[in-house]
Amino acid sequence: MGKYLARRILTTIPVLVGISFIVFALVSFAPGDSISLMLSNETVNVENVEKLKTELGLDRPWYIQYVMYMEKLLKGDMGRSVQFSRPVAEMIGEKIGNTFKLTIFSCLVSLCIAIPLGVLAAARRRSVFDYSATAIALVGVSMPSFYLGLLLILFFGLKLGWLPIRGLPTYDSTLFKQIRFLILPSITLGSSMAGILTRLTRATMIEALGQDFARTARAKGQSEIGVLFKHAFPNAFLPILTTFGMQFGSLLGGAVIIETIFSLPGLGMLAMNAVKFRDLPLIQGTVLIFAVCFVAVMLIVDILYVIIDPRIRYD
Amino acid sequence: MADNLLEVKDLKTYFRTEEGVVKAVDGISFSIGRGKTLGIVGESGCGKSVASLSILRLIPNPPGKIVSGSIVFEGSDLLKKSEKQMRGIRGNEISMIFQEPMTSLNPIMKIGTQISEAILLHQKIGAADARGKAIEMLTRVGIPMPERRMDSYPHQLSGGMRQRVMIAMALSCNSKLLIADEPTTALDVTIQAQIIDLMKKMRSEFGTSIILITHDLGVVAGLADDVVVMYAGKIVEKADVRNIFKDPRHPYTIGLLQSVPRIDQEVERLQAIEGVVPNQREMPSGCAFCPRCVRATKRCKTEAPPLEYFDMERRAVACWNAETEKIAATGNAKNLSMDGEKSK
Ligand SMILES: Nc1ncnc2c1ncn2[C@@H]1O[C@H](COP(=O)(O)OP(=O)(O)O)[C@@H](O)[C@H]1O
Ligand code: SF4
Ligand SMILES: [Mg+2]
């Protein structure tokens, strides 16, 4: 297993290189004059532009530029934000924790909804519960998250006043205090994943319950609950895990919108700001971090897969 | 009859499908004595698996349902028991092994855990004792290095070994009845012989009664005491194993026997029964075998033959022309007319 894991981890290296190149290219080959944007209006003149270009290495061929970019990146230097004149790495470091909390909570919310709902729907197939679960899942999948977010804000935030609707207390505040602020954004962000995973859980559970090994378990006297949780669920969990990994990408994308709606100071909001101001180094940095997070999650999923499924061990 | 372990009477299991009701098992009766082995034979789709799953009440509902009959096991009707009582019987008093050793075991659970599970469900012993018992069972079914095998996963075992594991699991609580649904069908010939030998050994060691389901009369010959031949959800012939082979009465049984490869026959001359099992929508109104039967007469088309008992209730056949069959087969007319009278 150690060998397999080592190999799996090594395969992420070319992926990461590819990502860094795409992120680099995204900005280098992007239309629009980034240089003039970096300079304030008064200082835009030929001389200044040339100076800055040399300074940034922008007069060199693109592959040299890429090597320079990678060199800096490996040292942890992601450039400076144009808008804030601060190191991008530092700014990301400040915000990444909040995004991390938001995505973790969203995953928890969607798993806590999807798995019980899907399992029960499969166990009580064609019952009222099953149909309701399917309907709820459909709503979760098809409702645009910004719309759901606004509805939640309106209802739980403004009408009932139960939950805070914006911001996240960052100074002098425990995670426990923050949770209240994270509830609505997490539900909003997790809803689509919850819907997808509910339907998937139901489908894979139904399949697992119809498998021969489930019949064997019943034939040895196992109760339906035992068949459900000891035999069917562990088998159904594998495809759920894979889809979870894939969906995590969309979740990160969704974080950009949700953080903006709920004014959560995280990476998404940072990225949104960067785009608004054409702050190229900051865009580059945030996109890179999002991509790396996704790769990391896929890696974790694959490792979990190997731990759970004995059939794919070693090779 | 009195000390029969299991008596199935007029069992009917139907499936509700989009094309209408499928009468997978349509009024079958049979019994099995203690320590005896009953073979149930018939082509694929004739209802053998449904019949055996009905005994354990494991028919998926919906779409399936046991609509009538009784299944008396050790004096009490299984169809009247609660689900909880049935759970106490499954794997404990009546066990079952299946055709597909590949898929019948949970692929992501260790062999040992799966056997221990069966033991822990029915016996009030601790996990360590259950493990010991599981190792003992693996030893008894002839699995080498049983301690190490306990921690193997199903995919690390060959088909034959997996079937041995299934047998070990099934007998781990000393079941009185083992239902083996095509236990050797998915295995290659040499392994088949080993599994049959193992079942013989287990039968004598544990005194287990066996219902052996197969479409292979060769397997039945080696193991069964009595044989039931099924066709399209019904029993068409019942006899002890000797008579099934020496003196078959139903044209279907005769056809099945002719399609069994024999050492003294060339393989090319092997005869298969022409045609296929009719599906439910086009089930003939008379004898279900009629479209494929070489003996069919006019009556067969319109009237279904009942299962008639003869030879002191020891045998039965459902065919209008079974007597003629007998004349043709042995020419013993006197004997036959006696049987014939009885069956009329
Ligand atoms: N779950 C099911 N739904 C509908 N029909 C079924 C189901 N299971 C079995 N049947 C029907 O019951 C009949 C007998 O099947 P089975 O007992 O599996 O045959 P076999 O003798 O090969 O074991 C078949 O015609 C099949 O179509
Ligand atoms: S009843 Fe008629 S059709 Fe049916 S098996 Fe006998 S001879 Fe053939
Ligand atoms: Mg079958």
Exposure-ranked with fewest Cβ neighbours within 10 Å first, B:Met145, B:Met150, A:Met269 stand as B:Met145, B:Met150, A:Met269
For the pair B:Gln123 and A:Leu74, the simple spin-label estimate (label points 7 Å beyond Cα toward Cβ) gives in nm 6.3 nm
For the protein assembly as shown, the dipole about the Cα centre with charges only on Cβ (Lys and Arg +1, Asp and Glu -1), to the nearest 20 debye, works out at 1220 debye
Residues other than B:Ser158 with Cβ under 12 Å of its Cβ, Lys/Arg counted +1 and Asp/Glu -1, net out at +2
Dividing the mean separation of Cα pairs under 8 Å (6+ apart) by the residue count of the stretch A:1-159 yields a relative contact order in percent of 9 percent
Farthest towards the positive end of the dipole of chain B, among B:Pro60, B:Leu212, B:Cys319 and with Cβ unit charges of +1 on Lys and Arg and -1 on Asp and Glu, lies the Cα of B:Pro60
With Cα springs under 10 Å, the Gaussian network model of chain A assigns the largest mean-square fluctuation among A:Ile183, A:Ile206, A:Ile64 to A:Ile64
Projected onto the charge dipole of the stretch A:96-308 (unit charges on the beta-carbon of Lys, Arg, Asp and Glu, signs +1, +1, -1, -1), the Cα from A:Leu163, A:Tyr305, A:Phe181 with the largest positive-side position is that of A:Leu163
Pseudo-spin-label distance A:Glu47 to A:Ile300, built 7 Å along Cα→Cβ, given in nm, is 5.4 nm
Any trypsin sites (Lys or Arg not before Pro) in the stretch A:42-96 that lie in a DSSP loop and have at most 12 other Cβ atoms within 10 Å would be A:Lys75
Dividing the helical contributions, -39500 (n - 2.57) per DSSP H run of n ≥ 4, by the residues of the protein assembly as shown yields a 222 nm value, nearest 500 deg cm²/dmol, of -17000 deg cm²/dmol
In this structure, among B:Lys110/B:Lys234; B:Lys9/B:Lys200; A:Lys230/B:Lys133; B:Lys124/B:Lys238; A:Lys53/A:Lys75, pairs with alpha-carbon gaps over 30 Å are B:Lys110/B:Lys234; B:Lys124/B:Lys238
Scan of chain A for chymotrypsin sites (Phe, Trp or Tyr not before Pro) in DSSP loops with at most 13 other beta-carbon atoms within 10 Å gives a longest site-free stretch of A:172-313
Between A:Ala6 and A:Ile96, the FRET efficiency computed from the C-beta separation at R0 = 25 Å comes out, to the nearest 0.05, as 0.40
Note: B:Thr190 to B:Ser70 extended length (0.36 nm per residue) minus current alpha-carbon separation gives 39.4 nm
1/(1 + (r/R0)^6) with r = Cβ-Cβ of B:Asp240 and B:Lys80, R0 = 45 Å, i.e. FRET efficiency to nearest 0.05, evaluates to 0.90
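None of the figures in this text is laboratory data; all of them are computed from the coordinates on show. If you're wondering where the values come from, they're calculated on a predicted model, not measured in any experiment. Positions of Cβ are generated from backbone atoms using ideal geometry, with glycine treated the same way; all protein chains shown enter the neighbour counts.
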